Amino acid sequence: MSDYLLDFETLSKKIRLSRYTIYILISDDTFPKARKIGKASRWINSEIEEWMISLPTSSVDVPNYPKIEK
């Protein structure tokens, strides 16, 4: 793992989640905190990789999030 900063677009592609889903995880405090650089948000790559490793490996372990109406 190496440490570098990810912008939102790169983050989304890396973890293959939509902006909407990432914001839900952020609001649930289940996602690594972003670092602010000016007005921009950046995530530390090693923290994202650690988060990815910590994810459940089967659907039985996944929390049942309530559906959010758009």
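Brief remarks on what is shown
- The set of residues from the range 41-70 being open to solvent by 70 Å² or more (accessible area, probe 1.4 Å), modelled with pLDDT of 65 or more and of a type in the set (Ser, Thr, Tyr) comprises SER54, THR57.
- Of all residues making up the range 2-22, the number that are open to solvent by 80 Å² or more (accessible area, probe 1.4 Å), assigned to a loop (DSSP other than H, G, I, E, B) and not basic (Lys, Arg): 2
- A search for C-beta distances below 9 Å between a residue of the range 6-35 that is touching a residue at least 12 places away in the same chain (Cβ under 8 Å) and over 17 Å from PRO56 (Cβ atoms) and any residue that is surrounded by 15 or more Cβ atoms within 10 Å (Cβ to Cβ) and of a type in the set (Lys, Arg), counting only pairs 6+ apart in sequence or on different chains, returns LEU6/ARG42; ASP7/ARG42; PHE8/ARG42; LEU11/ARG42; ARG35/ARG42.
- Just so you know, in the range 23-40 the residues that are open to solvent by less than 90 Å² (accessible area, probe 1.4 Å) and within 10 Å of the chain's Cα centre (by Cα) include one that is nearest to PHE8 (Cα to Cα), and it is ALA34.
The values are calculated or read from the model by the stated rules, or taken from the named source; none is laboratory data. Because the structure is predicted, anything quoted here is derived from the model rather than measured. Don't worry about glycine lacking a Cβ; one is built from the backbone with ideal geometry, like all the others, and counts go over all protein chains shown. What goes into the accessible areas is simple: the full protein's heavy atoms, side chains included, and nothing from ligands, DNA or RNA. Shrake-Rupley method; radii C 1.70, N 1.55, O 1.52, S 1.80 Å.
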